[in-house]
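What follows is one structure encoded as structure tokens, with my remarks underneath.
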Amino acid sequence: MRVFEPGRQAEKAPTAPLHLPDGVRAPSYGRYLEDFQDGAVFVHPRGMTLNRGLCQDFATTFLEHNPLYLNAEYAQACGFETAPASPLQVLATVLSLGVQNDSEKAIAHLGYYDVHFLRPVYPGDTLRALTRVVRRQQRGAGEPGIVSVRTIGLNQRDELVLQYDRKILVPCRPADAPGSGAPQSPAGQAFPDTDAPCLSIPDAACRPVHFTGTQTYFEDFTPGQVILHANGRTVTDEHFAWTYRTGNTHPLHFDRVYSSARSGAMSGEPIVYGGLVFAWLAGLASRDTSENALWDLGYTEGYHTQPTFAGDTLYALSRVLDCAPGPEGFDAVIVTLQLVGVKNLTGRAALERHGADLFLKENDKRKLGKEKAPEKIFEIERRLLVRRRPAS
Amino acid sequence: MRVFEPGRQAEKAPTAPLHLPDGVRAPSYGRYLEDFQDGAVFVHPRGMTLNRGLCQDFATTFLEHNPLYLNAEYAQACGFETAPASPLQVLATVLSLGVQNDSEKAIAHLGYYDVHFLRPVYPGDTLRALTRVVRRQQRGAGEPGIVSVRTIGLNQRDELVLQYDRKILVPCRPADAPGSGAPQSPAGQAFPDTDAPCLSIPDAACRPVHFTGTQTYFEDFTPGQVILHANGRTVTDEHFAWTYRTGNTHPLHFDRVYSSARSGAMSGEPIVYGGLVFAWLAGLASRDTSENALWDLGYTEGYHTQPTFAGDTLYALSRVLDCAPGPEGFDAVIVTLQLVGVKNLTGRAALERHGADLFLKENDKRKLGKEKAPEKIFEIERRLLVRRRPAS
Amino acid sequence: MRVFEPGRQAEKAPTAPLHLPDGVRAPSYGRYLEDFQDGAVFVHPRGMTLNRGLCQDFATTFLEHNPLYLNAEYAQACGFETAPASPLQVLATVLSLGVQNDSEKAIAHLGYYDVHFLRPVYPGDTLRALTRVVRRQQRGAGEPGIVSVRTIGLNQRDELVLQYDRKILVPCRPADAPGSGAPQSPAGQAFPDTDAPCLSIPDAACRPVHFTGTQTYFEDFTPGQVILHANGRTVTDEHFAWTYRTGNTHPLHFDRVYSSARSGAMSGEPIVYGGLVFAWLAGLASRDTSENALWDLGYTEGYHTQPTFAGDTLYALSRVLDCAPGPEGFDAVIVTLQLVGVKNLTGRAALERHGADLFLKENDKRKLGKEKAPEKIFEIERRLLVRRRPAS
């Protein structure tokens, strides 16, 4: 500790200099299309310690039903140190930490690809994130381009906890835009990603019963099934604060002056950060799908197909795509599911209205001669490691 | 820890089976009247660890004024390990944990009876809950019936921390409704309730002064008094999230599509979960009643007499019913109070409008030839163990 | 632990006494002008433990960008025990703890003076607060008067963590108003304030890089600069709950029945507690100003010049007033900044509209023959200890 007396603070404004307009600075964050170079690595600022209170607040607000994330005793009985952070909190946070470098100027988040949760994140762990530019696709002079990036999340022991790829729609640099205030990445920055994700999770031989339902064991899943999740969740303007609580700095999500000034379909009220929409939908599905999951392995290709606003009510549907043997040593199966989110109508009503088309990717519909589903907000595939029904 | 490589996740939806309509499942929670058998025990799913952040968030959001729940130093000076969870958080959580089995299909919560807080719940403790069906009252074919249940809350050492009885209005099972996804209770399930509640609380011989007001010692309470609590609290749609933060899964509280589709007086905006209304009212009263309480002994018969919605402003009044000697060894008195909640007018205005009738139970008014008070939302009796005024 | 059986709680209301109107009590908090005596000391009730979850929730909700308050690993690398509470949380909480004694009857908070943050507050520390009346200024019979107070915040080791002065506009006592329920201060109460604030902060010789931006080192600040902070924050009715989460009991901030019944400019919707507005504005500025600060030394004279309501969008501007050598032993400079807050237009738009006048104190404008700026909500001066740019 250092000790010092700074002295009384006298008012200085009336006599201090003021250089207008020359002294005006307007620091700006995010990057324009030209600022992305293939292979560049960005070290994201700040990082975030996921304290216990925040983890519980996320798990409950986003409707998690797997007791692994709610009940420390249950988690310990399953071999975990304590209840870990929910995977969707880890994803929402790592993506948010990258916004200042990757997407604070982006027009839209285009898709998630190859999301892997590689090990548990516990309360008290500190996450930091890095992004590597995989490819910048220009689409003509002055036109927004598509940037593909890979992002990794590391804990305080530099262990890889999350890896995913992402595509972003990014505008070109206007004629006289200032530079970025984002941290420069040191030359030769390591980027410890992997092409063969290797997961480390606790052994779970003797999980407790009676804390989960009886219809969510792997025997309950059959490819071809569609599960309508009963309850919806009306989103409130709580999402303004949650955006920053995950570390996301994009003003589109919490600044009505900014969101109202945009043009086109994204103009108007602040749009809910996609990581939160994703988490609510996974939560709505969790009582019927992941409640008895040993682990959320990750997600493949997925899209936010319509924006969500405060006041919208979200519903989720799941489709069972596949059941495959789990890794050696686990008494569990890998269940692959398609998760679809709709808004302002129930999953049952959406299924009645759209039938099998609800499970087509919206991006594929044009080539199939199909109409888009305006109530559909999200679509993704996921893999869960689901335990066997215990002997009764 | 087990380590494995799950392999890349290839997209499966375009070629996976999809069985419509035969493969559609719609898991449903809660129970119909026919699903309640006298004497049946339900082991409620999930449980909930009450972490420190959640406890503080509850105590402050719900306006607790007793420093026991806000100030760890004060709590330790009073003999507690640290600031415990507020009793109303324990009640709101245990009741919520039971919703999936007890009331997710219920039409209404009819009343609380014989609520006992048997020992402190500390941050980090994990609550689990069980319910035993006391009695199912059918009221005619196709008519909703009344189910009386007893619920207990246990901590991770299987110690009883809360016990209460509750009546619920439950609809009959529709012709082709599916079964419940709730956990089955094992045969012979223990249900460690008690008919002679025995409380264990720390000794509090030398509590600090100067952290509480000077007009809330037992000498300040005289039977016949009515205390008008000065401030109100406008409820916002924060209640949507708080419903799940206590573990409550009933969509009436957070799903506008569901709440709008209901018929009758409960149709429209989501209704605030009663456990939250109760907590806000007790909080509004706490600065004038429980600030110097050693312990909240519990509640007897009480009712939510009108629903509360986001935007409503709650006010509370307390009536002193009785003062009786405290248990041996405590320098304290048991003060019995009636707590009444009103909305969208002050306690003073409600008293001017209704006079002594404000303290009649709404259910008794018809037989007394009285009109109901439309602004009245809650009525209950409670017992507090209140300390003596310290020598100055 | 003491163990006792309180017995079943029988309903008492139907037969208990009820003394109307004689038994009605209406406890009232705060003080009228006559209740302030020069030199009196108030010991504020309750106190508040700042648990880790609450600290993180405050730091993220109020947009803190200095990783010191977000990242425990970073904080430890900077010599701190862990991530401390943000200075504005400490200020908002200590001021709130004093409301019951100082300002629960106040008409307005008039200004902040000489705010000093004397040492870090860590998660788990318990704050308590005391106020000494410096001077009561009466302005005529029946007219509200101005009360000047000094408030101090102490931690559980009785160390001074915060000191500031404040002026409050207080109404006279109505003819038959009841007494105050606030704790009496014992005679001879110590008030350990200081006239030569002495700060104790950890040494920070080797702070990590890459967690902060590259344009917020002391070399980046030049007197005369104006910094337009890019993003705004739309305030939601989250502020109702945050008022109590900091311990503030003034109903103007969370009771719509109360706020609607007021007369004049402050009538209508609940007004956002100034400590929250202050924190949001400092947060909006932090990415461009305090991100690389070793410490927030404090604030001098500052004012809330217009109220803020839910729905308003806040923007901030900073003006660099001075750069002066830091204390011996720190490789850092003291940067003095003027922080200005506006609402419902960007900082850029406010500067275009008002030019240099935006940096005049609103109270000085009349004597300068200037118009007030209706969009301006806040103005204050602050001092930051800002680190030097590390060698690259």
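The values are calculated or read from the model by the stated rules, or taken from the named source; none is laboratory data. Keep in mind that this is a model prediction, so the values were computed, not measured. Ideal geometry is used to build each Cβ from the backbone, glycine not excepted, and the neighbour counts take in all protein chains shown.
Across the range C:254-279, the number of residues qualifying as without any contact (Cβ under 8 Å) to a residue 40 or more places away in the chain, part of a helix (DSSP H, G or I) and either touching a strand residue (DSSP E or B) at 6+ places or on another chain (Cβ under 6 Å) or β-branched (Val, Ile, Thr) (or both) comes to 2. Please tell me if A:Thr60 is closer than 30 Å to A:Val170 by Cα and modelled with pLDDT of 95 or more. When the stated conditions are applied, A:Thr60 does not pass them. Counting the residues of the range C:223-242 that are more than 7 Å from every other protein chain (Cβ to nearest Cβ) and assigned to a helix (DSSP H, G or I) gives 2. Evaluating C:Ala356 against the criteria (1) touching a residue at least 60 places away in the same chain (Cβ under 8 Å); (2) within 11 Å of chain A (Cβ to nearest Cβ) leaves one unmet condition, (1). Of everything in the range B:326-378, what is exposed (fewer than 15 other Cβ atoms within 10 Å of the Cβ) and closer than 30 Å to B:Cys78 by Cα? Give them in sequence order. Across the range B:326-378, the qualifying residues are B:Glu328, B:Gly329, B:Asp331.
Suppose the filter is within 12 Å of chain B (Cβ to nearest Cβ) and either under 23 Å from A:Val41 (Cβ atoms) or crowded, with 24+ Cβ neighbours inside 10 Å (or both); does A:His109 pass it?
no
Could you list, in sequence order, the residues of the range C:225-243 that are charged (D, E, K, R) and closer than 19 Å to C:Gln89 by Cβ?
Across the range C:225-243, the qualifying residues are C:Arg233, C:Glu238.
Suppose we keep only residues that are β-branched (Val, Ile, Thr) and away from chain A (no Cβ under 14 Å) within the range B:125-142. Which one would you say is farthest from B:Gly188 (Cα to Cα)? The extreme case among them is B:Val134. Every residue in the range C:44-89 that is in contact with a Cys (Cβ under 8 Å, 6 or more places away or on another chain) and either free of Cβ contacts under 8 Å to residues at least 12 places away in the same chain or in a helix (DSSP H, G or I) (or both), please. Within the range C:44-89, C:Leu68, C:Tyr69, C:Ala77, C:Gln89 meet the criteria.
At pLDDT 95 or above, within 27 Å of B:Asn155 (Cα to Cα) and among the polar types (S, T, N, Q) - does that describe any residue in the range B:35-55? Within the range B:35-55, one or more residues are at pLDDT 95 or above, within 27 Å of B:Asn155 (Cα to Cα) and among the polar types (S, T, N, Q). Scan the range C:4-16 and give yes if some residue there is within 25 Å of C:Thr151 (Cα to Cα) and aromatic (Phe, Trp, Tyr), otherwise no. No; the residues of the range C:4-16 include none that is within 25 Å of C:Thr151 (Cα to Cα) and aromatic (Phe, Trp, Tyr). Scanning the range B:282-300 for residues that are in contact with a Pro (Cβ under 6 Å, 6 or more places away or on another chain) and of a type in the set (D, E, K, R), we see that the one that is farthest from B:Gln76 (Cα to Cα) is B:Asp288. Would you say B:Arg139 is free of Cβ contacts under 8 Å to residues at least 12 places away in the same chain, out of contact with any Ser or Thr (no Cβ under 9 Å at 6 or more places or on another chain) and charged (D, E, K, R)? Yes; evaluated as a whole, the condition is true for this residue.
Residues of the range B:116-159 that are surrounded by 19 or more Cβ atoms within 10 Å (Cβ to Cβ) and not in a strand (DSSP E or B): B:Leu118, B:Arg119, B:Pro120, B:Val121, B:Pro123, B:Asp125, B:Asn155. If you go through the range A:11-48 and keep only what is more than 7 Å from chain C (Cβ to nearest Cβ) and farther than 30 Å from A:Ala92 by Cα, you end up with A:Pro14, A:Thr15, A:Pro21, A:Asp22. As a summary of the residue check, C:Asn101 satisfies the conditions (1) part of a helix (DSSP H, G or I); (2) under 19 Å from C:Glu238 (Cβ atoms) except for the one numbered (2).
Just the residues that are more than 7 Å from every other protein chain (Cβ to nearest Cβ) and hydroxyl-bearing (Ser, Thr, Tyr), please, taken from the range C:250-264. Result: C:Ser259, C:Ser260, C:Ser263. For the range B:303-318, the set of residues classified as surrounded by 22 or more Cβ atoms within 10 Å (Cβ to Cβ), within 10 Å of chain C (Cβ to nearest Cβ) and of a type in the set (Gly, Ala, Ser) consists of B:Ser318 only.
Residue by residue, here is whether (1) buried (at least 24 other Cβ atoms within 10 Å of the Cβ); (2) acidic (Asp, Glu); (3) under 28 Å from C:Arg136 (Cβ atoms); (4) in contact with a Lys or Arg (Cβ under 6 Å, 6 or more places away or on another chain) holds:
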site	(1), (2), (3), (4)
C:Pro17	no, no, no, no
C:Leu20	no, no, no, no
C:Gly30	no, no, yes, yes
C:Asn66	yes, no, no, no
C:Ala77	no, no, no, no
C:Glu81	no, yes, no, no
C:Val90	yes, no, yes, no
C:Asp114	no, yes, yes, no
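Taking the range B:192-225 as the search range and keeping residues that are among the aliphatic types (A, V, I, L, M) and loosely packed, with under 13 Cβ neighbours inside 10 Å, which one is nearest to C:Phe4 (Cα to Cα)? In this case the residue turns out to be B:Ala196.
Scanning the range A:319-349 for residues that are small (Gly, Ala, Ser), within 11 Å of chain B (Cβ to nearest Cβ) and closer than 30 Å to A:Arg389 by Cβ turns up A:Ala324, A:Gly326, A:Gly329, A:Ala332, A:Gly347.
Residues that are within 11 Å of chain A (Cβ to nearest Cβ) and in contact with a Lys or Arg (Cβ under 6 Å, 6 or more places away or on another chain) within the range C:359-376 comprise just one, C:Phe359. Does the range C:212-221 include one or more residues that are small (Gly, Ala, Ser) and touching a Leu at 6+ places or on another chain (Cβ under 7 Å)? Taking every residue of the range C:212-221 in turn, none turns out to be small (Gly, Ala, Ser) and touching a Leu at 6+ places or on another chain (Cβ under 7 Å). The lone criterion from (1) touching a Ser or Thr at 6+ places or on another chain (Cβ under 7 Å); (2) within 14 Å of chain A (Cβ to nearest Cβ); (3) in contact (Cβ under 8 Å) with a residue 24 or more places away in the chain left unmet by C:Ala92 is number (2).
Restricting B:Asn51, B:Asn71 to residues that are under 24 Å from A:Asp57 (Cα atoms), crowded, with 24+ Cβ neighbours inside 10 Å and within 14 Å of chain A (Cβ to nearest Cβ) narrows the list to B:Asn51. Say whether the condition of being farther than 30 Å from B:Leu360 by Cβ, without any contact (Cβ under 8 Å) to a residue 40 or more places away in the chain and in a helix (DSSP H, G or I) is met by at least one residue in the range C:6-13. No; the residues of the range C:6-13 include none that is farther than 30 Å from B:Leu360 by Cβ, without any contact (Cβ under 8 Å) to a residue 40 or more places away in the chain and in a helix (DSSP H, G or I). Return yes or no: is B:Gly247 within 9 Å of another protein chain (Cβ to nearest Cβ), in contact with a strand residue (DSSP E or B) (Cβ under 6 Å, 6 or more places away or on another chain) and either part of a loop (DSSP other than H, G, I, E, B) or of a type in the set (A, V, I, L, M, F, W, C) (or both)? The answer is yes for B:Gly247.
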